[in-house]
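The values are calculated or read from the model by the stated rules, or taken from the named source; none is laboratory data. No experiment lies behind these values; they were computed from the predicted model shown. As a convention, Cβ positions derive from the backbone with ideal geometry for all residues, glycine included, and neighbour counts pool all protein chains shown.
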Amino acid sequence: MKVCRKCNKEKPFTAFHKNKPMKDGLEKRCKDCRKEDASNRYRKDPFGALARCKKAECKKKDIPYNLNSEYLRKLWTGTCPVLGSNITIGNSGYGSHVSGHLDRVDPSLGYTKGNVQYISGRANRIKYNATVEELQKIIEYIQRHERATTISKESTSEV
């Protein structure tokens, strides 16, 4: 058992992330407190949080990265350039379709200045790894079969 330095509650070792440099090999704050702190940082400065998270992700995956929070803030328009719809950042409860996702224009160039833009979660999922040819075939199919959508709009709760 270990006491969290933030909430002062005694919790099992499994409630703490590992941290080798620490004397006991565990973080000082429990997982719940760390999550709460991260959530508060994101609400306070979503662009700074995004910059830190993307940088860490890119380091792990060996993806080029040279962005910072100021650049990400200036890049934000609030509109998806693909669908023309409004997008949100730093907000919860709106659904991932309307949340702004940082998208690489050319994935091989990484998350670098001049190669990223914010697009809606919906647009990001549609283009995820489809080729232009696959997307054209889907369009042709839908045009041939008027009712060829995956799920009727009435049967979903998405906005």
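Before moving on, here are some points about what is shown:
- Residue count for the stretch 2-54 under the criterion of being of a type in the set (S, T, N, Q) and either in contact with a strand residue (DSSP E or B) (Cβ under 8 Å, 6 or more places away or on another chain) or modelled with pLDDT of 95 or more (or both): the result is 3.
- Single condition residue 77 does not satisfy, out of (1) in contact with a strand residue (DSSP E or B) (Cβ under 9 Å, 6 or more places away or on another chain); (2) surrounded by 14 or more Cβ atoms within 10 Å (Cβ to Cβ): (2)
- If you filter the stretch 58-73 down to residues that are in contact (Cβ under 8 Å) with a residue 40 or more places away in the chain and hydroxyl-bearing (Ser, Thr, Tyr), you find that the one that is farthest from residue 45 (Cα to Cα) is 65.
- Contact map, the stretch 27-43: residues that are without any contact (Cβ under 8 Å) to a residue 60 or more places away in the chain and buried (at least 18 other Cβ atoms within 10 Å of the Cβ) paired with residues that are among the small types (Gly, Ala, Ser) and part of a loop (DSSP other than H, G, I, E, B), Cβ distance under 8 Å, separation 6+ or inter-chain. Pairs shown: 42/90.
- Residue in the stretch 27-44 that is under 22 Å from residue 116 (Cβ atoms) and not small (Gly, Ala, Ser) present: yes
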